[in-house]
1. In the range 14-44, which residues are of a type outside the set (A, V, I, L, M, F, W, C), open to solvent by 80 Å² or more (accessible area, probe 1.4 Å) and without any contact (Cβ under 8 Å) to a residue 60 or more places away in the chain?
2. Of M31, M55, which residue is more than 30 Å from K10 (Cβ to Cβ) and modelled with pLDDT under 95?
3. I'm checking my understanding of the structure. Among residues of the range 12-43 that are within 27 Å of C147 (Cβ to Cβ) and charged (D, E, K, R), which one is farthest from the chain's Cα centre (by Cα)?
4. What do you reckon, is T54 more than 17 Å from S168 (Cα to Cα), touching an Asp or Glu at 6+ places or on another chain (Cβ under 8 Å) and surrounded by 17 or more Cβ atoms within 10 Å (Cβ to Cβ)?
5. Scan the range 152-164 and give yes if some residue there is modelled with pLDDT of 85 or more and either surrounded by fewer than 19 Cβ atoms within 10 Å (Cβ to Cβ) or not aliphatic (A, V, I, L, M) (or both), otherwise no.
6. In the set L107, L98, which member is open to solvent by 10 Å² or more (accessible area, probe 1.4 Å) and not acidic (D, E)?
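The values are calculated or read from the model by the stated rules, or taken from the named source; none is laboratory data. These numbers were taken from a predicted model, which means no experiment stands behind them. With ideal geometry, Cβ positions are generated from the backbone for all residues, glycine too; neighbour counts draw on all protein chains shown. Quick note on the areas: whole protein, heavy atoms, side chains included, nothing else; ligands and nucleic acids left out. Shrake-Rupley method; radii C 1.70, N 1.55, O 1.52, S 1.80 Å.
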Amino acid sequence: MESYWANLQKKITAMGYSEIEAIPSYIEPIMGYEKTFSDWKKKIKGKYPYQMVTMHYMKRAHTVFDNIGQLSEAFKNPVYISDEDAKKEGIITGNTVLIESSVGKTLRTALVSSRVMPGCVVMLHGKWSEVDEKTGLDLNGADSALCPASITAGQGTSGYNSQIINISKYSDEPLTPDAEKPLRMVNL
């Protein structure tokens, strides 16, 4: 069976963000796996060697319910890293880790897992930001602190679900568990 979508191709191109093929084909993400390399052909990793993907989480719906104490106690908010990458970075489950991108940096507690593909890091979506104004460091593990305002290739959708980052063991004070932090309210 062959797929050909000339009308879809015209519609996407008319949006002005990019052009697509009329047949299904790979579109390289703006902040995808390929961008973790400084030299793609020679497979030399760059300044941000990991692809971070974000996923929804049972604790909250986007940022809603992030300030519920019982949920913070029941559902931890780790960052997942593969056992292979954790070993290479000297990270074990429970370590506070620094996650950096080209636009920001944040802290989280690591959870080492064989279920994460090497080269990838998984953050849980929707954490409220808590930026230390002196250092610019987000102390709460907000995925949005790492995401530039970018539009992905294709149909003008946001690029928030895939970023390139670096992750390393954090040497200063360990992260305070979410359940031990004071509850915050937000004025709308």
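1. E19, E21, P24, Y26, S38, K41, K42, K43
2. M55
3. Of everything passing the filter in the range 12-43, E19 is farthest from the chain's Cα centre (by Cα).
4. Yes.
5. For the range 152-164, residues modelled with pLDDT of 85 or more and either surrounded by fewer than 19 Cβ atoms within 10 Å (Cβ to Cβ) or not aliphatic (A, V, I, L, M) (or both): present.
6. Going through L107, L98 in turn, the sole match is L98.
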